[in-house]
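Comments concern the structure below.
Quick note: the coordinates plus some simple rules give every number you see, no bench work behind them. Computed from a prediction, not measured in an experiment: that's the story for all the values here. Note that we place each Cβ from the backbone using ideal geometry, even for glycine, and neighbour counts take in every protein chain shown.
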Amino acid sequence: MEHYLVVGGLGLVGRAVVRALETRQDVKITGVSRRTPDFETRADWLCVDLTDRRRCEQAFTALSDVTHIVYCALFEQPTLLAGWKDDGQIATNTLMLENVLDFVTPRSHLTLLQGTKAYAAHYRPMALPGKESSPRPPGANFYWNQEDMVRTRQRGANWHFSIMRPQIVCGVAVGSPMNVVAAFGVYATLMREAGMPCGYPGGTGFVTETVDADLLARAILWAGQSERARNETYNVTNGDVVEWASLWPELMAMLDTPVGDAVPRHLRGDMPHFEKEWAAIVARHHLQPLSLQALVGSSWEFADAVLGTLGGATTLLSTIKLRQHGFADCIDTAEMFRKHFAAMRDARLIP
């Protein structure tokens with residue numbers, strides 16, 4: 001029986017992978033996170049702080065039958081964007097992966113996650129479209145520390161790896177530092193409940209791409225079984241493009257929120273001041289008793305970055321390689337948001 005170890009199992013990607021695996025009765029699943037799961041799952045669960053080497057040794061050395069590791073864990077600084085260039089953030093993310101691989105090795109496959117920072121999109125406008133064959137751009141990046149670690153350990157071994165590069169992963173998770181679904185859903189709710197229209201708060205003039213967490217999970221599981229995907233890197237997106245100002249009215253219609261005039265707004269600076277209003281909404285609609293900080297967290301800042309509030313640049317990834325190698329799944333981005341907003345409502349995260 002295959003045994004999947006999903007590290008970072010409560011994040012956007014990790015929980016989507018766990019959910020996808022649970023449709024298969026022929027696999028064993030072990031999830032890893034600092035917190036216990038906030039959803040029903042048949043997976044075994046390990047609560048581990050990946051910076052605690054002794055705890056990692058205790059938890060992982062007992063796992064002798066792991067066939068697949070899906071590494072989704074991520075450390076982000078409270079100031080999200082500044083942290084992407086921070087030496088401490090890079091060192092911590094490197095240490096976390098090391099504290100896993102020092103004590104458990106997959107028999108078959110390891111999946112590592114990267115993103116558009118692989119194309120230096122956090123430093124400068126990227127060359128379009130981003131292609132996996134492009135050389136590494138200059139600039140500090142924990143991706144390269146992790147990738148080099150995996151490549152070194154895999155050399156001469158019987159297992160293989162795949163590196164997935166998604167862009168703007170969208171799904172349902174509590175407290176994810178990079179989740180525009182939560183940011184948009186909560187922002188629209190606050191405006192609607194205050195009797196105010198919700199005008200587009202970001203910048204204009206650029207296009208980008210997103211990826212559905214469930215689609216990404218399917219790509220990850222495909223790569224873990226495909227001989228063609230061994231030791232390969234893949235961009236993963238939905239298959240269409242997004243211009244946020246154009247999509248905004250459709251998103252607000254999904255959330256039953258009237259659209260007003262576009263008003264540029266720094267969500268990171270403004271929205272944390274609405275804790276009292278959010279608490280009243282939680283009580284009035286019998287939602288999960290979560291604060292704004294607990295539910296959205298750094299995703300306010302991520303939304304500002306994604307929407308180009310401080311100035312946007314087009315970020316497009318080529319997914320030709322992924323399609324040519326055998327994975328051609330896709331989803332309309334508007335329908336993806338509709339699905340995830342409905343899931344947030346079902347989970348009593350928004351009314």
The stretch 1-109: radius of gyration and largest Cα-Cα distance (Dmax), Å:
14.0, 43
Expressed in nanometres to one decimal, the distance between label points 7 Å along Cα→Cβ at A127 and Q77 is 2.8 nm
Please compute the length gained on full extension between D346 and R151, using 0.36 nm multiplied by the number of residues separating them and subtracting their Cα-Cα distance.
66.1 nm
Report for the chain the percent antiparallel among DSSP-assigned beta bridges with both residues inside it, nearest 5.
5 percent
Could you tell me how many degrees, from 0 to 90 and to the nearest 10, lie between the Cα long axis of helix 12-21 and the main elongation axis, the longest principal axis, of the Cα atoms of the chain?
60 degrees
Sorted by chain and number, the residues with a modelled amide H under 5 Å from that of V236, at a separation of 5 or more or across chains, are R165, Q167
Helix-only [θ] at 222 nm, the chain, -39500 (n - 2.57) per DSSP H run of 4+, per residue, nearest 500, equals -11000 deg cm²/dmol
Give me H160, H266 ranked fewest to most by other Cβ atoms within 10 Å of their Cβ, as a rough exposure proxy.
H266, H160
Using alpha carbons only, how many degrees (0 to 90, rounded to 10) separate the axis of helix 333-346 from the longest principal axis of the chain?
80 degrees
As an exercise, use a Förster radius of 41 Å and the Cβ-Cβ distance of S64 and H286 to find the FRET efficiency, rounded to the nearest 0.05.
0.35
Compute the Kirkwood hydrodynamic radius of the stretch 159-298, taking the inverse of the mean of 1/r over all pairs of distinct Cα atoms, and give it in Å to one decimal.
17.0 Å
HN-Hα couplings for the stretch 258-263 via Karplus (6.51, -1.76, 1.60; θ = phi - 60°), in whole Hz with x for Gly/Pro, come out as x, 9, x, 5, 4, 9
Pairs on different chains or at least eight residues apart, Cα atoms closer than 28 Å: how many lysine pairs in the chain fit?
8
I'm spelling it out carefully: the read-out is Cα Rg over 2.2 N^0.38 Å, the candidates are (i) 0.97; (ii) 1.03; (iii) 1.35, and one was derived from this structure. Which label?
(i)
Please list the non-local residues whose amide H lies under 5 Å from the amide H of G260, H modeled 1.01 Å from N, same-chain partners needing a gap of 5 or more.
C198, G199, Y200
Per 5 Å bin, what is the whole-percent P(r) computed from every C-alpha pair distance within the stretch 42-101?
4, 16, 24, 23, 15, 10, 6, 2
Cα gyration tensor, the stretch 33-74 - rounded (a/c under 1.5), prolate or oblate
oblate
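How do 213-224, 248-259 rank on mean C-beta neighbours within 10 Å, highest first?
Packing order, densest peptide first, comes out as 213-224, 248-259.
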List the relative contact order of the chain as a percent without decimals, with contacts defined as Cα pairs under 8 Å and 6+ residues apart.
19 percent
The stretch 246-351: relative contact order as a whole-number percent, Cα under 8 Å and 6+ apart
35 percent
Just report the Cα centroid separation between the stretch 94-124 and the stretch 49-70, whole Å.
15 Å
Equivalent ellipsoid semi-axes for the stretch 233-351, as square roots of 5 times the alpha carbon gyration tensor eigenvalues: give them largest first, rounded to whole Å.
30, 18, 15
Measuring from the longest principal axis of the C-alpha atoms of the chain, the long axis of helix 180-193 (C-alpha) lies at a number of degrees, nearest 10, equal to 20 degrees
